[in-house]
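The next block holds one structure in the form of structure tokens; read it before the comments.
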Amino acid sequence: MQEKRSFYLLLLIMSIVALVTMAVTNVILYQVAFKEKSQSLVETAQSQARLIEAMARYNRRTNRINWETPVGERGPTSLLSERAAADTIAQLKDAHKHYIGFGDTGEFVLAGIEAEKIVFLLSHRHDKNTEPKPVPLYSELAEPMRRALFVQSGVMVAKDYRGIEVLAAYEPVDVLNFGIVAKINMAEIRAPFIRAAVITWLISLVVIFLGSLLFRKISTPIVEKIRDSEKQYRSLVEDINEWVWMTDEKGILIYSSPIVVDLLGYLHDDIVGQSLIKLVAKSSRNAAKKRLTRHNHKSEFTNINAQIINAQGKFIPMEFSASPIFAENGDFAGYRGVARDISERIKAEKMQQEYQQNLERQVEERTTDLREINEELKNFTYIVSHDLRSPLVSIVGFSSEIKEDIHDVGLSLNESAVGPGIKTIVVNTIPESLGFINQAAEKMEGLINNILALSRMGRRELTIEKVSTEGIINRNLKAIAFQLEDVDVSLKMLPEIESDAISLEQIFGNLLGNAVKFLHADRQGKIEIWAEEEQNYWQFYIRDNGKGIAEKDIPHIFELFKRVGEQQAQGDGMGLTYVQTLVRRLGGKISCESMLGIGTTFKFSLAKTID
Amino acid sequence: MQFSTILLVDDESAHSTLVERNLRRVGLTSEIVKLENGQQALDWLEKMKDKNKEVNTPFILLDINMPVKNGIEVLAEIKGNQNTCHIPVVMLSTTDSPEEIEQCYKLGCNAYITKPIMHDEFQEKIRELGLFMNIISLPKYH
């Protein structure tokens, strides 16, 4: 609708412009033509006047008229003059008969004054046969003739004897006291111009109309393209989840994307024209004012947080980013930017923070727990090394004392006095009992020492250095070489790692020792040792074709003092517990796969580097 | 020449009895005073100093794990005091914890003996100790 109106308006404006242009040109052309016509009329009138004067003089001379005497004073000779004048008029009339005039309406008029009237002497083209009727000397009509008769010369636009507007050149005719007027109807002069104006105007109207149609045809796709692109950008701006806004140099919103309704509850039309600064919570309003309006600031800003008051008066945390806008002359004109609601993010951050704190607290608690446990373990070690030992010292000590004493008693005992039973008790039974006590104490001491060793191993300071696992294994194999005489041992892919050499020595020593110890007596022993590289650790394998471990026993092999299967080999039940402790300390894990009668594979990982 | 007095400080009377018997077996005739904790040992030293300045310097056998005042504290006090630092102190303990041994030597103990559980070893160690005490003599206790 709007577009159609614009089109018609365009048409109208162009028409008016064309009209005005043509009018101006026409007027100028008309003026020129008018002037030319006037001049030519003047020339015609004057030449006719001079011609008539010449004719009159000639006639007077032939009629002996004293032409030098003014008309009023000719006295008795005036009759002659009258005749001469009549002759001249007759000649003129005769000449005039064959003269149609110029143009469509151009003609000469010759007149004199008779009894206060202007009397026309010649017939005219507008009334062929008769002369026009005389008109009163003083009237609206025939003004040019009047002037000519009053011996004036010139050109003017006035009414002629018919009362029609004409352009007339007037000239007095001396000698005969006539006036001559060469005139043409104004209408005739104007006609071509009016016609030209009408024609050109009509043509230009058609041209304008066609041109406009053409323009519309050409411009419509362009306009549509622009409109589409504008639509795209608009939807881009309006569909994103962020509030797009624009302020003027005073911080007044001059644009707001419609999402503001969802974000802040303000209607688009309500918020545009409002000050963005006033939407900012009081606490940071001054800062916002400085940022959005201060002329010397004019810099872009990103991710500035501010509390924004929404339609319900609540504070919404928002994050703003914007760039300044400058007018064409370089003046600061405001800001254009985006803002997003960050409540969710803040909530998430808060939760994250709480979670973090919680985690830290938990870690701290656990660390404290661990420290306490470690402390307890230390105490435990002390208990083992002192408190468990102390009673043993007494038990063993006094049983030895008793043994010695009873020995002395036995020597001095008179068998005949006490009887053979007592003697046997003193000499055999008691020492035997004391022997068992001693044995038990000895075993107990062994257990205590093992526990102590394990506990100390767990707390020993590690020395981390580059260690060749192959070197360590070879040293271990050398130490048990005498047991390996008939055993097929193969080493493959054994790396250099950063670790504690003593721990490694003990791990491999124990595992290799076990592998050899439990080899099958009926077949050739075979031990394979290899490693596989993983991302952060090496996986080591020690496989034997020995007796294997029963499935039910596998879960217990790493337990302290546990010895599984048939007890044919020597051992304190400490080795694997020890190995597990060491592997764990080196950042690894150990596991075992085994089939009774087929063989066992120990698999353990070692970190490539230890922090 | 023997020490006139040996202070045997151990809360475990069984242990001190065993030590005493074994010392006697190697022919040690000195007076053996058995005390049950560290504080008693310090009190004894204090009392002796007041009573008789001319008394012979004692030889102290000190257990570590004791109530009231433990052996390490007593050692520190004796060796930290100008008047008593010359008194020989031998630590007698059931533990063989390396940290503890190191600590005792740092504090100035003259020897550290771990009480062996096996009686043969125990006897041997105490015998050596007794013989050692038989040989050396010390100036009088001031």
Qualifying positions in region A:430-462 - of a type in the set (Val, Ile, Thr) and surrounded by fewer than 12 Cβ atoms within 10 Å (Cβ to Cβ): none
Set A:395, A:473: member being modelled with pLDDT of 85 or more, aliphatic (A, V, I, L, M) and under 30 Å from residue A:606 (Cα atoms): A:473
Helices (runs of 4 or more DSSP H) enclosed by region A:414-493 - at least 1 residues per element that are farther than 23 Å from residue A:578 by Cα: A:415-418, A:420-424, A:430-459
Among residues of region A:165-207, those that are of a type in the set (Phe, Trp, Tyr) and more than 30 Å from residue A:82 (Cα to Cα), counted: 2
Condition broken by residue A:419, with the remaining ones in (1) at positive phi; (2) of a type in the set (Gly, Ala, Ser); (3) within 14 Å of chain B (Cβ to nearest Cβ) satisfied: (3)
Which numbered condition residue A:286 fails, given (1) open to solvent by 50 Å² or more (accessible area, probe 1.4 Å); (2) touching a strand residue (DSSP E or B) at 6+ places or on another chain (Cβ under 7 Å): (2)
Positions within region A:387-403 being assigned to a helix (DSSP H, G or I) and open to solvent by 20 Å² or more (accessible area, probe 1.4 Å), in sequence order: A:387, A:391, A:395, A:398, A:402, A:403
Extreme residue, farthest from the other protein chains (Cβ to nearest Cβ), among residues of region B:89-110 that are hydrophobic (A, V, I, L, M, F, W, C) and open to solvent by 30 Å² or more (accessible area, probe 1.4 Å): B:107
Complete set of residues in region A:166-189 that are at pLDDT 85 or above and surrounded by fewer than 17 Cβ atoms within 10 Å (Cβ to Cβ): A:187, A:188
Long-range neighbours under 8 Å by Cβ, at least six apart or interchain, first residue open to solvent by 10 Å² or more (accessible area, probe 1.4 Å) within region A:47-59, second part of a helix (DSSP H, G or I) and acidic (Asp, Glu): none
Residue pairs meeting the criteria (Cβ under 7 Å; at least 6 apart or on separate chains; first more than 10 Å from every other protein chain (Cβ to nearest Cβ), in region B:13-39; second part of a loop (DSSP other than H, G, I, E, B) and among the hydroxyl-bearing types (Ser, Thr, Tyr)): B:30/B:4; B:31/B:4
Residue in region A:374-382 that is under 30 Å from residue A:432 (Cα atoms) and touching a residue at least 60 places away in the same chain (Cβ under 8 Å) present: no
Inter-residue pairs, beta-carbon under 7 Å, first away from every other protein chain (no Cβ under 11 Å) and in region B:56-70, second in a strand (DSSP E or B) and polar (S, T, N, Q), 6+ apart: B:56/B:5; B:58/B:5
Qualifying residue in region B:43-54 (condition: more than 21 Å from residue A:388 (Cβ to Cβ), buried (at least 18 other Cβ atoms within 10 Å of the Cβ) and within 15 Å of the chain's Cα centre (by Cα)): yes
Selection count where residues are closer than 24 Å to residue B:98 by Cβ and either more than 14 Å from chain B (Cβ to nearest Cβ) or in contact (Cβ under 8 Å) with a residue 60 or more places away in the chain (or both), scope region A:422-454: 8
Residue among A:389, A:371 that is basic (Lys, Arg) and at the interface with another protein chain (Cβ under 7 Å from one of its Cβ atoms): A:389
Members of region A:392-416 that are touching a residue at least 12 places away in the same chain (Cβ under 8 Å) and either more than 14 Å from every other protein chain (Cβ to nearest Cβ) or not hydroxyl-bearing (Ser, Thr, Tyr) (or both): A:392, A:395, A:396, A:402, A:403, A:406, A:407, A:409, A:410, A:413
Total residues in region A:363-386, condition over 60 Å from the mean Cα position of the chain (by Cα) and open to solvent by less than 70 Å² (accessible area, probe 1.4 Å): 5
Complete set of residues in region A:92-108 that are assigned to a loop (DSSP other than H, G, I, E, B), over 18 Å from residue A:145 (Cα atoms) and of a type outside the set (Asp, Glu): A:98, A:99, A:100, A:102, A:103
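The values are calculated or read from the model by the stated rules, or taken from the named source; none is laboratory data. Everything quoted here is computed from the prediction, not taken from an experiment. Quick reminder, even Gly has a Cβ in these numbers, built from the backbone with ideal geometry, and neighbours come from all protein chains shown. When the accessible area is computed, the model is the full protein with side chains, heavy atoms only, and any ligands, DNA or RNA have been set aside. Shrake-Rupley method; radii C 1.70, N 1.55, O 1.52, S 1.80 Å.
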